[in-house]
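The block underneath contains the structure these notes are about, expressed in structure tokens.
Where a number appears in this text, it was derived from the coordinates with a stated rule and is not lab data. The shown structure was predicted, so the numbers you read here are calculated from the model rather than taken from an experiment. For neighbour counting, all protein chains shown are included, and Cβ atoms are generated from backbone atoms with ideal geometry for every residue, glycine included.
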Amino acid sequence: MSGTIGAIVVDHDAGPLLEGCVRSLLENGASPIVVVENGAVGSAAGALEDPPVGPNAASVQLVRPGRNVGFGAGVNRGLAALAGASVPPEWILVCNPDLVVHPGALTALRQALETERAWALVGPRIFTETGEVYPSVRNFPSFSDAAGHALLGLFNPENPYTRRYNPGTPEGEVVTGAGWVSGSCFLARRSALEELGGFDEAYFMYNEDMDLCWRAHHAGWGVGFAGTAEVTHVQGVSTARHPYRMMAAHHRSALRFTVRTTTGWRRAALPLAALVLGARMAMATLRIALSL
């Protein structure tokens, strides 16, 4: 195997979880690591006050945009920092700050990309903090499946529309192609990310990973999943603080992706898509209100 693995962690007030994430990356040999501070000024530095240890500890770099630029834009800032390194890494791991990389995960992800040379990026198996497998591998839905999932998925996740869109994460140590994988953790070729122009910064949060994988496929690249690599993600750290704001951002991004990827005669149905997403947002808002 050849080439170093750099990492980009976009932080938003994750607190001590950030330190655990960085330590797991160092223990897996990632270097350099760029932490993009999207939260309160000084929050990331505070979380890293206890200096990380290990042979690559000095390679942790903090980038401060000065404001919350969003997840995709934060990754792009990190990508620019890594590209400016004296020896830019060949591979780039993108991950959330509330995530721990299991031993051997980065090696397994790199092996997958070295074997599947047409893939731009590959995602690992993601566990929740309770040990459940998060459905991080999904298909691009048809218009009807997207509408059915939007209206029924909140209350009946086993409906046929949702099952076609989200068939479940493959079991076992399988390495296989995918439609799109979660942006909470994936390994990419730096050359592919640069060719694609990184993330589309019009997405402040949510669906930027779906958009990136969509553009990768249309540029002739593949996207993969490696069940040989595992991580644990403590989800909802930022979302729990601002549930309504995050829910609104989710639906805005879903509409933006629908508008940008719908072509031909199907564009006539875009007003219906907006109505469906509006109805889903209303149901999601009510659900949040009832749970508080």
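Descriptive notes on the structure:
- Working note: Karplus 6.51/-1.76/1.60 with θ = phi - 60° gives the stretch 87-97 the couplings 10, x, x, 6, 10, 10, 8, 10, 8, 6, x Hz, where Gly and Pro are set to x.
- The stretch 65-155 - charge dipole about Cα centre, Lys and Arg +1 at Cβ, Asp and Glu -1, debye rounded to 20: 240 debye
- Toward the positive end of the charge dipole of the chain, with +1 on the Cβ of Lys and Arg and -1 on the Cβ of Asp and Glu, the farthest Cα among LEU270, LEU79, PHE155 is that of LEU270.
- Max mean-square fluctuation residue, GNM over the chain, Cα-Cα springs under 10 Å, options LEU275, LEU151, LEU109: LEU275
- Cysteines without a disulfide-compatible neighbour (Cβ-Cβ under 4.7 Å), the chain: CYS21, CYS213
- Under 12 Å, Cβ to Cβ, from ALA188 - net charge with Lys/Arg +1 and Asp/Glu -1: -1
- Here the chain is treated with +1 on each Lys and Arg Cβ and -1 on each Asp and Glu Cβ, and its dipole about the Cα centre works out to around 1080 debye.
- Rh by Kirkwood over Cα pairs, then Stokes-Einstein D for the chain at 1.567 mPa s and 4 °C, µm²/s: 66 µm²/s
- Shape of the stretch 74-144 from the C-alpha gyration tensor: prolate (a/c of 1.5 or more and a/b above b/c, with a ≥ b ≥ c the square roots of its eigenvalues).
- Sequence-distant contacts, meaning Cα pairs under 8 Å at least 6 residues apart, place the relative contact order of the chain at 21 percent.
- Neighbour net charge for ALA147 - beta-carbon separation under 14 angstrom, K R +1, D E -1: +2
- Computed from Cα atoms, the angle from the helix 105-115 axis to the main principal axis of the chain rounds to 80 degrees.
- Exposed-loop-free span, longest in the chain, where trypsin sites (Lys or Arg not before Pro) count as exposed if DSSP calls them loop and at most 15 other C-beta atoms lie within 10 Å: 118-240
- Net charge contributed by nearby residues that have their C-beta within less than 14 Å of VAL174 (K/R +1, D/E -1): -3
- CD proxy at 222 nm, helix term only [per DSSP H run n ≥ 4: -39500 (n - 2.57); per residue of the chain; nearest 500]: -12000 deg cm²/dmol
- Along the axis of the charge dipole computed for the stretch 164-275 (Cβ charges of +1 for Lys and Arg, -1 for Asp and Glu, origin at the Cα centre), the listed residues ALA219, VAL181, THR258 are led at the positive end by THR258.
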